[in-house]
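Q: Okay, handing you the structure first.
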Amino acid sequence: VAAEKGGYEHFMLKEIHEQPKAVRDTLSGRIAEDGSAVTLGELDLSEEVVRSIDRIHIVACGTSYHAGLVGKVAIETLARIPVDVEIASEYRYRNPIVTDRTLILVISQSGETADTLAALRNAKMAGNRVMAITNVVGSSAAREADHVLVTWAGPEISVASTKAYTTQLIALYLFAAYLGQIKGTIASDERAKLMNAILELPLKIDEVLKTAPAIETIARDFSSWDDAFFLGRGLDFAVALEGALKYKEISYIHAEAYPAGELKHGTLALITEGVPVIALVTQDELYEKTVSNIKEVKARDAHVLALAWVGDEEIEKSVDRVLYVPHTLPFLAPVLLVAPLQLLAYYASIARGNDVDKPRNLAKSVTVE
Ligand code: G6P
């Protein structure tokens, strides 16, 4: 087993560090050599069908659901198709409005999650078009969907999903760009800029991972608190949700993510002196707004850690600590923000002496309802 962990103490840590490679593998062969276009012929989705899609329902559970939240922004931005993101165990028991122009997109690392498969099967039975994004080539989701996009994260052993999420994001960005390229909703120079930025991500994740020692110190301090709050707006909020999930599932510390602007409608009542607040501030258009929310929690003496762009020295005035991530398009920030949050959860779990790879009460793949 030690050998399988490749020198790392836990599978989770190994898988966190495998992310640059996993992203490279997921990108491999899917962007034209001159960086001008996405090639997803494997999807077997004709241009005519793409043009007919007028709504997408993304359906998933857990971390895959969180990837879907980023996918919604990616698809709506690049392809201008309205997207709903739903929890599979909810979606399967309601009566969603689906037409022959709706695409049901299930996201599942394992391709075996019971609720996600039930949603997929309901959609198939109703004669709807189903696509799957999955990490397991021979999985039920891969076999039963009409269109499949595989994430090449490699086997993920740790119960807490890490590299699977990151590669799901990549698959979703590629898919969104592919739709946009067929629909003509992204200008070709914009597309080239986006492709280049995506191709630079693996090296930038490498840089982010180098901050692990600093994150370990912060996690040790935070681990003595029984709560942690994750704040952000827009895509920063989508990643905050995943950060809070990671944190609670392996450290067993109560963690909640809140849209920063919604704080004063509830969570602010829980902010007390010294409590850790992790604030994500990479969405340039929302920067001032988030900073004013940070001031609200600082006024209650919270201890604020910001995740911000390298070079953002201004943020240091409003928070207690900063973790910097290398710059990319704000639209792609989730890919770089999640690794520090995974590491924060990992080291908090270690500090508490937990079984990181096998958190209590949780399973890697939930194949029963
Ligand atoms: C379980 C795992 C999570 C995962 C979720 C969905 O809860 O512990 O890590 O995100 O299932 O799994 P899937 O394989 O469908 O992505």
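The values are calculated or read from the model by the stated rules, or taken from the named source; none is laboratory data. What you see is a predicted model, and the numbers here were worked out from it, not measured in a lab. A quick note on method: Cβ atoms are made from the backbone with ideal geometry, for glycine too, and the neighbour counts reach across all protein chains shown.
Q: Give all pairs with beta carbons closer than 8 Å in which a residue from the stretch 66-79 that is free of Cβ contacts under 8 Å to residues at least 12 places away in the same chain and closer than 15 Å to V106 by Cβ meets a residue that is outside any helix (DSSP H, G or I) and within 16 Å of the ligand (Cβ to nearest atom); count only pairs at least 6 apart in sequence or on separate chains.
A: Between residues of the stretch 66-79 that are free of Cβ contacts under 8 Å to residues at least 12 places away in the same chain and closer than 15 Å to V106 by Cβ and residues that are outside any helix (DSSP H, G or I) and within 16 Å of the ligand (Cβ to nearest atom), there is no close pair.
Condition check ((1) within 20 Å of the chain's Cα centre (by Cα); (2) surrounded by fewer than 18 Cβ atoms within 10 Å (Cβ to Cβ)) across all residues:
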site: T272; (1), (2): no, yes
site: V275; (1), (2): no, no
site: L280; (1), (2): yes, no
site: Q283; (1), (2): yes, no
site: K289; (1), (2): no, yes
site: I294; (1), (2): no, no
site: H303; (1), (2): no, no
site: A306; (1), (2): yes, no
site: V310; (1), (2): no, yes
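Q: Against the condition within 15 Å of the chain's Cα centre (by Cα), away from the ligand (no atom under 16 Å from the Cβ) and outside any loop (DSSP other than H, G, I, E, B), how does I205 come out, does it pass?
A: When the stated conditions are applied, I205 passes them.
Q: Name the pairs whose Cβ atoms lie under 6 Å apart, with the first residue in the stretch 218-239 and closer than 12 Å to I278 by Cα, the second crowded, with 23+ Cβ neighbours inside 10 Å and among the polar types (S, T, N, Q), and 6 or more positions between them or separate chains?
A: Correct list of pairs: D236/T282.
Q: Evaluate the stretch 291-304: report whether one residue or more is modelled with pLDDT of 95 or more, under 17 Å from P330 (Cβ atoms) and touching a Leu at 6+ places or on another chain (Cβ under 9 Å).
A: No, that holds for no residue.
Q: Right, something else. For the stretch 1-57: of the residues being in a strand (DSSP E or B) and hydrophobic (A, V, I, L, M, F, W, C), which is surrounded by the fewest Cβ atoms within 10 Å (Cβ to Cβ)?
A: I31
Q: Can you name the residue in the stretch 233-276 that is out of contact with any strand residue (DSSP E or B) (no Cβ under 7 Å at 6 or more places or on another chain) and polar (S, T, N, Q) and, of all such residues, is farthest from K72 (Cα to Cα)?
A: The qualifying residue farthest from K72 (Cα to Cα) is T272.
Q: Further question on the same structure: Looking at the stretch 179-190, is at least one residue away from the ligand (no atom under 16 Å from the Cβ), more than 29 Å from I278 (Cβ to Cβ) and surrounded by 24 or more Cβ atoms within 10 Å (Cβ to Cβ)?
A: Scanning the stretch 179-190, I find at least one residue that is away from the ligand (no atom under 16 Å from the Cβ), more than 29 Å from I278 (Cβ to Cβ) and surrounded by 24 or more Cβ atoms within 10 Å (Cβ to Cβ), so the answer is yes.
Q: Further question on the same structure: How many residues does the stretch 80-94 contain that are part of a helix (DSSP H, G or I) and either in contact (Cβ under 8 Å) with a residue 24 or more places away in the chain or of a type in the set (A, V, I, L, M) (or both)?
A: 3
Q: L69 fails exactly one of the following numbered conditions: (1) within 16 Å of the ligand (Cβ to nearest atom); (2) surrounded by fewer than 16 Cβ atoms within 10 Å (Cβ to Cβ). What is the number of that condition?
A: L69 satisfies all of (1) within 16 Å of the ligand (Cβ to nearest atom); (2) surrounded by fewer than 16 Cβ atoms within 10 Å (Cβ to Cβ) except (2).
Q: Tell me yes or no: at least one residue of the stretch 165-178 is part of a strand (DSSP E or B), of a type outside the set (S, T, N, Q) and either within 15 Å of the ligand (Cβ to nearest atom) or more than 26 Å from Y8 (Cα to Cα) (or both).
A: no
Q: Could I ask something else about it? Inspect the stretch 183-195 for any residue being of a type outside the set (S, T, Y) and at positive phi and give the result as yes or no.
A: So far as the stretch 183-195 goes, yes, one or more of its residues are of a type outside the set (S, T, Y) and at positive phi.
Q: Do the conditions hold for A348, that is, is it over 30 Å from A177 (Cβ atoms) and surrounded by fewer than 17 Cβ atoms within 10 Å (Cβ to Cβ)?
A: Judged against the criteria, A348 is not a match.
Q: Could you run through the stretch 151-182 and say how many residues are among the aliphatic types (A, V, I, L, M) and either at positive phi or without any contact (Cβ under 8 Å) to a residue 24 or more places away in the chain (or both)?
A: 0
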